[in-house]
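Heads up, the thing below is written out as structure tokens.
The values are calculated or read from the model by the stated rules, or taken from the named source; none is laboratory data. If you're wondering where the values come from, they're calculated on a predicted model, not measured in any experiment. Here Cβ is always computed from backbone atoms with ideal geometry, including for glycine, and neighbour counts include all displayed protein chains. In case anyone asks, the SASA skips ligands and DNA or RNA and just uses the protein heavy atoms, side chains included. Shrake-Rupley method; radii C 1.70, N 1.55, O 1.52, S 1.80 Å.
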Amino acid sequence: AITSKKEEWVALAGDDQDLAFALDLLYDEFAQAPVLGSLIDPMRRFGEGKIIPITWDQIAPMLDKVLATKRDEEREGIGVVAHGLARAAGMLAGRYHLIATNVPYLARGKQEEALKDFCSSYYPEAKQDISTVFLNRCLVLCQKGGTTNIVMPQNWLFLTSYSNLRKRLLKENKWRFIVRLGPRAFETITGEVVKAILISISNIDPQQNRIHGIDVIEHQGSN
């Protein structure tokens, strides 16, 4: 979390106006970092007409250089946070060949208002659960031709509230396979709490989607 004032944050740049502008954007982008986490997309700023004069990857090294010229305990403390978030921004602005993850699960009714508002604004088709929001976020993180493999709940595959999401993903992305993992896929979650799937989707024109399905429910506990 950012605990310092924006003026103190931007002052880290000294006389470097490009770095000051980048730090100003970085502050705004990560103001809700404890709530949004890796849903933060620094590249979205470009779509809103804001042009950053340097790349997100350049901010951390530039900060190192500036901070080395003046030693101050409070300044260095703010600099550590700025440096860490600059590195995070670089990673979140990147585009990748492969993303493999078990996304968080949280239904909309249990989300706090800031998270609800964010999901409604940027992921309206997927907003019913944070897991489907993250599926969309991961596909954004994929470069053209990149693939995301995600473990997530299966309910979005058939609930009517996700019909628009399914239609769009089937039209725009290549679905590789769906593996039905079943209700006891996690050792730490017992019973029928989460019925999970492993799904693989690529950021590529599907042309014709032929999805491979695998059911491993009967093989619980086997290697």
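Summary table below
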item	result
Residue that is surrounded by the most Cβ atoms within 10 Å (Cβ to Cβ) [pool: residues in segment 148-176 that are of a type in the set (Phe, Trp, Tyr) and either within 10 Å of Ile197 (Cβ to Cβ) or in contact with a helix residue (DSSP H, G or I) (Cβ under 6 Å, 6 or more places away or on another chain) (or both)]	Trp156
Residues within segment 129-147 that are open to solvent by 60 Å² or more (accessible area, probe 1.4 Å) and in contact with a Leu (Cβ under 8 Å, 6 or more places away or on another chain), tallied	0
Criterion: modelled with pLDDT of 95 or more, part of a helix (DSSP H, G or I) and in contact with a Phe, Trp or Tyr (Cβ under 6 Å, 6 or more places away or on another chain) - qualifying residue of Ser120, Ser131	Ser131
Residue pairs meeting the criteria (Cβ under 9 Å; at least 6 apart or on separate chains; first closer than 25 Å to Lys144 by Cβ and modelled with pLDDT of 90 or more, in segment 162-191; second surrounded by fewer than 14 Cβ atoms within 10 Å (Cβ to Cβ) and of a type in the set (Phe, Trp, Tyr))	Arg166/Phe158
Condition met for Asp129 (more than 20 Å from Thr148 (Cα to Cα) and under 20 Å from the mean Cα position of the chain (by Cα))	no
Residue list for segment 73-104, restricted to those being in contact with a Phe, Trp or Tyr (Cβ under 9 Å, 6 or more places away or on another chain) and assigned to a loop (DSSP other than H, G, I, E, B)	Ala93, Gly94, Val103, Pro104
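To keep it simple, each residue is scored yes or no on (1) open to solvent by less than 50 Å² (accessible area, probe 1.4 Å); (2) at pLDDT 85 or above.
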site	(1), (2)
Leu25	yes, yes
Ala33	yes, yes
Leu36	yes, yes
Asp41	yes, yes
Asp57	no, no
Asp72	no, no
Glu76	no, no
Gly94	yes, yes
Pro104	no, yes
